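Asks: Okay, handing you the structure first.
The values are calculated or read from the model by the stated rules, or taken from the named source; none is laboratory data. Only a predicted model underlies this, so the values are computations on that prediction, with no experimental measurement involved. All Cβ positions, even for glycine, are placed from backbone atoms using ideal geometry, and neighbour counts span all protein chains on display. Just so you know, the surface numbers come from the protein's heavy atoms only, side chains and all, with ligands and any DNA or RNA stripped out. Shrake-Rupley method; radii C 1.70, N 1.55, O 1.52, S 1.80 Å.
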Amino acid sequence: MILDTAQPVSFAPQVKEFFLARQPILDRNQNLVAYELLFRRADAGPAITVDDSRAATAIIAHTSELGLENVIGGALGFFNVSSAMLMDDLVDFLPCKKVVFELHQTDKISPELVQRVSGMVHEGYRFALDDVITLSEYIKPLLPLIEIVKIDISVMTRADLAILAAQFKQAHKLLLAEKVETIEQFQNCLDLGFDYYQGYYFAKPAILSGKKLTASQLGIMQLMTLVARDADNAEIEHSIKKEVSLCLSLLRLVNTTGMGVTKSIDSLSEALVVLGRNQLQRWLQIQLYIAPHVNTHCASPLLLLATTRGKLLELIARKLKPANKSIADTAFTVGILSLLDTLFGQTMEKILGQIVLGKDVSEALLYRRGFYGDLLKLSEYVEKSGEASRALAPLLLKLELPVEDLYPLQLEAFEWSNSLLPFVHEG
């Protein structure tokens, strides 16, 4: 259910100083299944605490009004709630099939809370227990109603983690490892039988000596180089024809209703004219992330992160420097190419030696320098929790971007990135 947007929005002043951290939750096969939505103060960094129920309740209402699917697409949304918030009917505005409510293990577990959770479970809502580090007697009255247990692996030894995981598995709970920041931590939790994983380990580059790009990725890189040096359409068409999947994908793209064509486009030469060089370059950049996932029908978290970064950087650049469209186009390129080292398992230096990019773009990707480097840092601060998000306020000040302008740009970037998935999955 969506709130009636014709009514006055009394909570708007409470949310304008917040930005949204959308943290991916992946399954054992590294597919995106959910996001935890954390609304943070730009001047303080930490997420809203469970005690700050008035602000958090306003944010849930705000998210409901905007449309939850604009924020999370087809994934689930995890929301932190306190017992006081849960007693408020406002949480009922969030659709039960789209959300998981997280209760903190230290929150007061009263008979009234157990009764409320029981009633909501009966209605179809799902619950997780957050920041768990032990199976205590305290949480046992609520445990039968809990589907997912989130374990903070950053504060536990491997031995203690193994014991705790076994205990909750015996209680038939799904396990979610949070604060997973390295591939080694992910592998350890995988071995222990965890079902879900939250953290940015999937976006950390694992440099693999000797790893080679796939034939498809090499073909896309060559095409990007042709476009960058302004080769003629005939040469680009000849190169695209070598990759059958690219041909089909490009023709599907130009024949979508959003392209505004009045007749069916059946030839690559016509498609290239309709698309134009800027859109062709963007399409190729996105294809780099799609290529390794052609056979999957699930969302690639790296694709979603890269496209969200690209769009957010473009929107911010357009707002800050509206007179120069090329700056926004370049910002998009910086954002979407910023995860190539993770995608390819190679150093960024090596990758940039294979494609033609301007100095400003290379400086941003390698060293986070210059205007584009600042935009890239901003997107990284927004994504991450803890100390990284504390650096956001001074960077917003440097860029002269008010935080109340950041939130709607984030929502637009999320919606645009989510909208790519139906097209991607057709591949």
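Asks: Kindly indicate whether any position in region 204-215 is open to solvent by 20 Å² or more (accessible area, probe 1.4 Å) and either modelled with pLDDT of 85 or more or within 19 Å of Arg277 (Cα to Cα) (or both).
Replies: yes
Asks: Here is a further query. Let me confirm something: among Ile146, Ile163, Ile183, which residue is touching a residue at least 24 places away in the same chain (Cβ under 8 Å) and either open to solvent by less than 20 Å² (accessible area, probe 1.4 Å) or of a type in the set (A, V, I, L, M, F, W, C) (or both)? Steps first, please.
Replies: On the way: Ile163 fails: touching a residue at least 24 places away in the same chain (Cβ under 8 Å); Ile183 fails: touching a residue at least 24 places away in the same chain (Cβ under 8 Å).
So the residue among Ile146, Ile163, Ile183 that is touching a residue at least 24 places away in the same chain (Cβ under 8 Å) and either open to solvent by less than 20 Å² (accessible area, probe 1.4 Å) or of a type in the set (A, V, I, L, M, F, W, C) (or both) is Ile146.
Asks: So Gly193 fits all but one of (1) open to solvent by 10 Å² or more (accessible area, probe 1.4 Å); (2) over 18 Å from Asn29 (Cβ atoms); (3) small (Gly, Ala, Ser); (4) modelled with pLDDT of 95 or more; what number is the exception?
Replies: (2)
Asks: Determine whether Arg252 is under 23 Å from Ser419 (Cβ atoms) and basic (Lys, Arg). Even if it seems obvious, please write down each step before you answer.
Replies: Details: under 23 Å from Ser419 (Cβ atoms): yes; basic (Lys, Arg): yes.
The answer is yes for Arg252.
Asks: In addition: Which residues, taken from region 339-372, are within 13 Å of Leu213 (Cβ to Cβ), open to solvent by 50 Å² or more (accessible area, probe 1.4 Å) and either of a type in the set (D, E, K, R) or modelled with pLDDT of 95 or more (or both)? Before the answer, list the steps.
Replies: Here is the first cut: in region 339-372, the residues within 13 Å of Leu213 (Cβ to Cβ) are 340-341, 343-346, 350-351, 353-355.
If we keep only those that are open to solvent by 50 Å² or more (accessible area, probe 1.4 Å) too, we end up with 350, 353-354.
Result: Lys350, single match.
Asks: Let me confirm something: among Val121, Val149, which residue is modelled with pLDDT of 95 or more, outside any strand (DSSP E or B) and under 30 Å from the mean Cα position of the chain (by Cα)? Can you show your working first?
Replies: Numbers: Val149 fails: outside any strand (DSSP E or B).
Answer to the check: Val121.
Asks: In the list Leu312, Leu251, Leu226, which residue meets the criterion of being closer than 30 Å to Phe19 by Cβ and assigned to a helix (DSSP H, G or I)? Show your work before the answer.
Replies: On the way: Leu251 fails: closer than 30 Å to Phe19 by Cβ; Leu226 fails: closer than 30 Å to Phe19 by Cβ.
One residue alone meets the criteria, Leu312.
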